[in-house]
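The values are calculated or read from the model by the stated rules, or taken from the named source; none is laboratory data. Values in this document were obtained by computation on a predicted structure and should not be read as measured data. Reconstructed Cβ throughout: ideal geometry from the backbone, glycine too, with neighbour counts over all protein chains shown.
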Amino acid sequence: MNLIQRVQDILLKPKDTWPVIDEEASTVESIYKKYLVYLAAIPAVAIFIGLHVVERLPVGSTIVSGLVSQVISYVLSLAIVYGLALIANELAPKFDGTKNILKAFKLMAYGSTALFVGGIFFLVPALSMLSVLANLYCIYLIYTGVPVLMKCPDEKAVPYTATLFACAFVAGLVVSMVIGVPMMGRGMRMW
């Protein structure tokens, strides 16, 4: 799997890409190593640069504290993808889907692509609110992936996706509280 090509495919043609992802022989570890570790770094690096270089240091903030908070954010983002995969897996039967932790992980890992790539907007703090659009597209990606990967009937894809979004939103609030950055005002990061 080529990282750039996968990002383009999932963002530009998700309905064609989900079946390919469904058939791929991959592991949670390989998806982390070849995909997520790179994408999850985008928002963390962009926020750090945006706040500490573009805007200059906020009052009461140091480069070290900013770096530490973004490292924590990065690690939590990686953990949350797995946590949401566990939730997606457990919820699958409630929406007439099939439990499969690897496929649930693929759903959340590749479904979060827009969220991570949209983190680039944090480079320019004035544009950070555009990350909300990336989050909305992330919801669409997960919605299109649920029937393919979790074998959920199309008519149950909306409530399944809405439930996953609610869980992701709560996770995003927790991360924002842990790193001390308000979720609103600098754009919204779902996780």
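Against the criterion of being among the hydroxyl-bearing types (S, T, Y) and in contact (Cβ under 8 Å) with a residue 60 or more places away in the chain, S77 qualifies.
In the set A104, A126, A166, only one residue is out of contact with any Leu (no Cβ under 8 Å at 6 or more places or on another chain), among the small types (G, A, S) and farther than 28 Å from S65 by Cα; that residue is A166.
Residues that are surrounded by fewer than 21 Cβ atoms within 10 Å (Cβ to Cβ) and farther than 17 Å from A44 by Cβ within the range 158-178 comprise V158, P159, A162, T163, F165, A166, C167, F169, V170, L173, listed in sequence order. All conditions but one from (1) in a helix (DSSP H, G or I); (2) closer than 23 Å to M108 by Cβ; (3) modelled with pLDDT under 85; (4) not charged (D, E, K, R) apply to M1; the one that does not is (1).
Based on what the data block shows, is K151 in contact (Cβ under 8 Å) with a residue 40 or more places away in the chain and not in a helix (DSSP H, G or I)? Against the criterion (in contact (Cβ under 8 Å) with a residue 40 or more places away in the chain and not in a helix (DSSP H, G or I)), K151 qualifies. Take the conditions (1) at pLDDT 95 or above; (2) over 22 Å from E23 (Cβ atoms); (3) aromatic (F, W, Y); Y110 misses just one of them, which is (2). Do we have any residue at all in the range 161-174 that's modelled with pLDDT of 95 or more and not hydrophobic (A, V, I, L, M, F, W, C)? Checking the range 161-174: at least one residue is modelled with pLDDT of 95 or more and not hydrophobic (A, V, I, L, M, F, W, C).
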